[in-house]
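Colleague: My questions will all concern the structure given below.
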Amino acid sequence: MRSFILALLAKRYFLPPFFWKSQTKYSQLSPAAYSSDSYTGIVQDAQKLLGRYMEEEKQQDEAFLKTLVHPYWQHVRELDQEKIQSVGLREDFLRDKQLQLNIGWGGGPLQAWHRNVLTEHMIGTELYEYIAHDFIESRVGSPYLANGPVEMQQKPLTPGLFAHAYYLGRATKKGAMVPAKVLEFGGGYGGCARLFMGKWPSATYCILDTPESLIVQYVYLTMNGVPVHALGDNEVPKRGMVNLVPFWRVASVNYRADLFLSTFALTETTDGMRQEVERKDFFGAPVVYIQGGKDMRFESHKDLPDRVKERRPESILVDSHIPGCYEISLNNLEK
């Protein structure tokens, strides 16, 4: 009996994903009407959008742009541009090792500890109930799939979903109002936006990011039926949509969010970008949630907790459940 119990614990917590990955077929996932033809058409629209962004970027002050993007990420951007312009965005883009550098954790085997930490923190929340009962995982990008928590009948979910649900669960705490206006600094492939807008579709959601990431988000969200709007310069973000904003508009974006959200992007940028974020007083949002990494390649992370604390003394800094990382959070949206 003792050996049997140990075997069960090992399967739940320690064994590699091969032993517990989901066997669900993509045809059972969202969107139900998925087709390669529709995907190709949306990718072509996204490539046109990338071209518009690149032309707009050429009109910006070159010295100013260099203060906003770390040399490491500029190199990654150039590689992504070359790939997207030459071969487009393949249907399995969430498994593309090159694109994963910029759009985050879209593939990769799910680690059991992440699933269990998510369950521990989120049971009983509105978002958890939504995921458990109404949310259908997406097949867009050909993601890896894994079995969800036992409490969700092990429904198939992606590694990214677990991370996004954890971040949003921490930002939308029990007993607080749900933010009506969100600004996500660095939106990955769009998974966090899809989850939030699926639960609260009347919200106004903005993503500030590089053009290469924005067009991935455009494809992912549009394929999943989430309304997307490429925000014009000085245009007011549209309600009920995910508004895409290129990074150089950080100083001019006309938006005051209820929730400022950034998972690793802000701690992997330049001091110049962080200073622009401070000038716009994004830390002044009623709800702030920042997940940060202590990567010495990026100078911005070194004093970010102190900068947030200076603006918001009530902010809380704790070690993240992800080794070597931290969380900064505060929520003043009480019901």
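Colleague: Which whole-percent values make up P(r) of the stretch 203-335 when all C-alpha to C-alpha distances are grouped in 10 Å steps starting at zero?
Modeller: 12, 40, 36, 13, 0
Colleague: Could I ask something else about it? Roughly how many whole Å is it from the C-alpha centroid of the stretch 236-264 to that of the stretch 71-89?
Modeller: If we compute the Cα centre of each part, the gap is 23 Å.
Colleague: To check you understand DSSP bridge types, tell me what percent of the beta bridges within the stretch 212-335 (both residues inside) are antiparallel, rounded to 5. Mind dumping the intermediate values first?
Modeller: Numbers: 11 of 19 bridges.
Bridges in the stretch 212-335 that DSSP calls antiparallel: roughly 60 percent.
Colleague: Shifting gears a bit: So which of LYS199/LYS280; LYS97/LYS199; LYS25/LYS181; LYS58/LYS97; LYS48/LYS83 end up more than 25 Å apart, counting from Cα to Cα? It would help to have the intermediate numbers written out before the result.
Modeller: Details: LYS199/LYS280 28 Å; LYS97/LYS199 30 Å; LYS25/LYS181 35 Å; LYS58/LYS97 28 Å; LYS48/LYS83 15 Å.
From the list (LYS199/LYS280; LYS97/LYS199; LYS25/LYS181; LYS58/LYS97; LYS48/LYS83), the Cα-Cα distance tops 25 Å for LYS199/LYS280; LYS97/LYS199; LYS25/LYS181; LYS58/LYS97.
Colleague: Quick one: Karplus J couplings for the stretch 154-170, per residue in order, coefficients 6.51, -1.76, 1.60, θ = phi - 60°, nearest Hz, x for Gly and Pro?
Modeller: 6, 4, x, 9, 9, x, x, 4, 4, 5, 5, 5, 5, 4, 5, x, 5
Colleague: Now for a different question. Classify the stretch 176-267 as rounded, prolate or oblate, taking a ≥ b ≥ c as the square roots of the eigenvalues of its Cα gyration tensor: rounded when a/c is under 1.5, otherwise prolate if a/b is larger than b/c and oblate if not.
Modeller: Details: a/c = 1.24, a/b = 1.08, b/c = 1.15.
Judged from the Cα gyration tensor, the stretch 176-267 comes out rounded (a/c under 1.5).
Taken together, the values in this text are just the output of simple stated rules run on the coordinates, not laboratory data. Since this is a predicted model, take the numbers as computed values, not measurements.
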